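Reading through the structure tokens given below for one structure.
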Amino acid sequence: MILPIIAYGDPVLRKMAKDITSEYPKLDELITNMWETMYNAHGVGLAAPQVGLPIRLFLVDTTPFSDDEELSKEDQEALKGFKKVFINAKIEEEVGTAWDFNEGCLSIPDIREDVKRKPEITITYLDENFEPHTETYDGLLARVIQHEYDHIQGVLFTDKLSSLKKRLLKSRLEKISKGKIAVDYKMRFPNIKKGR
Ligand SMILES: [Zn+2]
């Protein structure tokens, strides 16, 4: 089932998300619905707060990036079929010299900006079977994971922009929160005025 994606301005996107246990109600169904919702919106990642749930769960499938012909064969292979569920994730370490990548977000349609992040991360998480993993990623894999991880920390990529960029984007972000935007997937907007 395709779930509405929560738009910029909703307080759920600002909460520090909580850990879950394997007893979390209908978790399999939620994960299935989140995959369906992400693919329908042509995203490469989706975090639970973006479907209204302040829990530490996000999904990543970087396969669409693997077509990029500017990437090395090795990078293309790493991105192809990289499909994972991250539960109760914690980034243990981020290292290297921060680099720019043009990011977008399903909760903030039509806005794309260069964001600086460190290139290599080590992350501890549980998979969908609640098996623990500690893994190190770099490049675009790290980038997508860092973006989704920020969502469970209540952080959005627009927070990482310069104060000038933020001022320039302010009115566009307000329009998004009011639903004054054309988008080809289902969304829920926090500031739509109800009829009087
Ligand atoms: Zn996002």
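Under 25 Å from residue 5 (Cα atoms), among the small types (Gly, Ala, Ser), in contact with a Phe, Trp or Tyr (Cβ under 8 Å, 6 or more places away or on another chain) and away from the ligand (no atom under 13 Å from the Cβ): is that true of residue 81 in this structure?
No.
With the requirement that a residue be farther than 20 Å from residue 47 by Cα, of a type outside the set (D, E, K, R) and part of a helix (DSSP H, G or I), what does region 154-196 give you?
Those that are farther than 20 Å from residue 47 by Cα, of a type outside the set (D, E, K, R) and part of a helix (DSSP H, G or I): 163, 164, 168, 169, 171.
Here is a yes/no grid of residues against (1) in contact with a helix residue (DSSP H, G or I) (Cβ under 8 Å, 6 or more places away or on another chain); (2) farther than 20 Å from residue 15 by Cα; (3) open to solvent by 60 Å² or more (accessible area, probe 1.4 Å):
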| site | (1), (2), (3) |
| --- | --- |
| 157 | yes, no, no |
| 164 | no, yes, yes |
| 173 | yes, no, no |
| 176 | no, no, no |
| 180 | no, yes, yes |
| 183 | no, yes, no |
| 187 | no, no, no |
| 191 | yes, no, yes |
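Checking residue 115 against (1) within 16 Å of the ligand (Cβ to nearest atom); (2) β-branched (Val, Ile, Thr); (3) farther than 23 Å from residue 12 by Cα, only one condition comes out false. Which one?
If we test residue 115 against (1) within 16 Å of the ligand (Cβ to nearest atom); (2) β-branched (Val, Ile, Thr); (3) farther than 23 Å from residue 12 by Cα, just (3) comes out false.
Mind listing just one residue for me: the one in region 14-42 that is closer than 18 Å to residue 188 by Cβ and part of a helix (DSSP H, G or I) and, of those, most open to solvent (accessible area, probe 1.4 Å)?
Top of the filtered list is 14.
Restricting to region 143-168, give me the number of residues that are within 15 Å of the ligand (Cβ to nearest atom) and either without any contact (Cβ under 8 Å) to a residue 40 or more places away in the chain or not small (Gly, Ala, Ser) (or both).
Qualifying residue count, region 143-168: 18.
Residues that are closer than 14 Å to residue 137 by Cβ and open to solvent by less than 10 Å² (accessible area, probe 1.4 Å): list the strands (runs of 3 or more DSSP E) wholly contained in region 43-118 that include at least 1 such residues.
Answer list for region 43-118: 45-47, 57-61, 83-95.
Tally up the residues in region 30-45 that are under 11 Å from residue 59 (Cβ atoms) and more than 12 Å from the chain's Cα centre (by Cα), please.
8
The values are calculated or read from the model by the stated rules, or taken from the named source; none is laboratory data. Since we're looking at a predicted model, the values are computed, not measured. Note that each Cβ is placed from the backbone with ideal geometry, even for glycine, and that neighbours are counted across all protein chains shown. Areas reflect the complete protein model, heavy atoms only, side chains present, ligands, DNA and RNA absent. Shrake-Rupley method; radii C 1.70, N 1.55, O 1.52, S 1.80 Å.
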